[in-house]
Amino acid sequence: MKRQKQNQKQNQKQNRIPAWAPRPHKRTRLSKRSGALIVAALAACGGTALIAAQALAGTGGPGTARPELSGEGGTGGPGGRPPGTAPSRTISCPDVGQRLRSLPAQAAPEVNRNLGQLEAQVARAFQRWSAAPGTQGRVLGALERDRSAAIGRITDALRRAGEQPTALDRLSACRTTEISAAAQSAPRGSQDGNSADNGPFRDDFVDITTVRPNDRNGRAQNGGAQDGSTQDGQGGSFRSECGRNENGHNNPDNLIVAPGVSNGAHHMHDYVGNLETDAFSSDNELARADTTCGNGDRSTYYWPVLRLRDNGRERDADAPGGGQDGNVGTILRPVDVSLTFDGNGAGEVTAMPPFLRNLTGDAKALTNGPSQAHASWSCTGFEDRQLRNKYPLCPRGSEVVRSLEFPSCWDGRNIDSANHRTHVVFPGGNGRCRNGFRAIPRLVQRLTYTVPPGTLYAVDSFPDQLHNPVTDHGDFINLMPQRLMRKAVDCINSGRECR
């Protein structure tokens, strides 16, 4: 009987429906982690949900970045609005996740499922309003009714688990606000309907040759070494070789921020390393899975895909996370993926625990603000010029570079936290970890892409984030064997470069 079950599961994996194809909802289960998560702000529903939609018929597409996220050195137009922009209407909804104080384990499946539904409701409202801007009242009314039902289910689940949530029922109503919007999307829609008019916008791009180099420390505008180099101090490093996702492991899930929620990301991810990873993977399944990495590294590394805005019809053009969520165009495979672990520059590092969850950047940074925007963009040959909120246009022969630096100070106890950030944080300006935290190997993901000169491209995003470059992010789950982790730590602390 045991062998029969193993064969059945193997057949299911071999015949698995691709993530971009329509499929029935998989079984609902969460990674088996004991204890309760204290939820202060779930990144899966983080920040105010802002939906850009045309307020009036005529010229002008949906909104782009807020004025404070406009380009380096840019000047504002009348009223502080960037030049070449037009007013656009948005829908702002209270963030239910930020109002939750705790999430008992027994309530987690129901709560996570309904938090995911709140995101889906925002996406559907975006689609309705974008298609018919004059339907604002009907769209807001339907959205409030849908949110009220989902919030009620969250409240009931928490009460059954012994919690006493307060005032959640007041969070269902959404309102319209106005933001600055680029007057012309890049590119505009196409006749075949395969181009979403929700960004990016022309002022989201900048010629890298016109950008001034960062300061002498190689820091981008929000700080943090972004060139993938080791900071002063321990000069060693360890590089995990995991390929470029040649096997086509993609799905629109996010196991860290939206466990148990199909299409929880509303955009497509590239994966290398662990071959089992999707929204429903348990720790045990991850530990047994095959991997694309060498040395037995079963860690999960993932990030949003990059697409050409070429109206190319990808295989996910009509699927969740793809065309259904406004993510369109030809998916680019990186020409190189570098996964390097190094030191924080202020002392020796210690080993990461198994199953540690770690993330960088903020998929909702357009609406949350840039405080967590630790990803940056550049071009080969110009990596002394790192951009947070602009896509670089690279000259011929130069490749687009995405750099994602992860936090490297661990609290020494938890493998995850409510907002998936407070258990692993960035070091201070002096490179040292705050009291109560210890230095662990710092992961830097460096992804390079060949983009033809003058061709527009964009990172996949939530519909309301408008494919803004500030929303780039990366995720990591540690499943290195202990012997391999010891090797990585030894190499970093002894100043050796290892693979």
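General observations
- Entry remark, the range 143-175: residues being within 22 Å of P109 (Cβ to Cβ) and under 26 Å from the mean Cα position of the chain (by Cα) number 7 in total.
- Elements of type helices (runs of 4 or more DSSP H) contained in the range 91-180, each with 2 or more residues being in contact with a His (Cβ under 6 Å, 6 or more places away or on another chain), closer than 25 Å to P320 by Cβ and at pLDDT 90 or above: none
- Test: residue in the range 400-409 that is of a type in the set (A, V, I, L, M) and closer than 22 Å to D297 by Cα: yes
- Verdict on D460 being in contact with a His (Cβ under 8 Å, 6 or more places away or on another chain) and under 30 Å from R309 (Cα atoms): yes
Rundown of residues vs (1) farther than 27 Å from A351 by Cβ; (2) without any contact (Cβ under 8 Å) to a residue 24 or more places away in the chain; (3) in a strand (DSSP E or B), yes/no style:
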position	(1), (2), (3)
R239	no, no, yes
C242	no, no, no
E246	yes, no, no
V257	no, no, no
V261	yes, no, no
H267	yes, no, no
Y271	no, no, yes
F280	yes, no, no
N284	no, no, no
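- For T448, the requirement of being surrounded by fewer than 24 Cβ atoms within 10 Å (Cβ to Cβ) and assigned to a strand (DSSP E or B) is met.
- Residue identified as more than 21 Å from S461 (Cβ to Cβ), open to solvent by 30 Å² or more (accessible area, probe 1.4 Å) and of a type outside the set (D, E) among Q117, Q127, Q136: Q136
- Matching entry among T340, T350 (being in contact with a strand residue (DSSP E or B) (Cβ under 7 Å, 6 or more places away or on another chain), under 14 Å from P441 (Cβ atoms) and surrounded by fewer than 18 Cβ atoms within 10 Å (Cβ to Cβ)): T350
- Exactly one residue out of R333, R307, R315 is open to solvent by 10 Å² or more (accessible area, probe 1.4 Å), modelled with pLDDT of 95 or more and farther than 23 Å from P407 by Cβ: that is R333.
- If you go through the range 357-384 and keep only what is among the charged types (D, E, K, R) and either surrounded by 24 or more Cβ atoms within 10 Å (Cβ to Cβ) or in contact with a Gly (Cβ under 6 Å, 6 or more places away or on another chain) (or both), you end up with D362, K364.
The values are calculated or read from the model by the stated rules, or taken from the named source; none is laboratory data. The structure displayed is predicted, hence computed values, not measured ones. Please note: Cβ atoms are built from the backbone with ideal geometry, for glycine as well, and neighbour counts cover all protein chains shown. We work out accessible area using only protein heavy atoms, side chains counted, and drop any ligands, DNA or RNA first. Shrake-Rupley method; radii C 1.70, N 1.55, O 1.52, S 1.80 Å.
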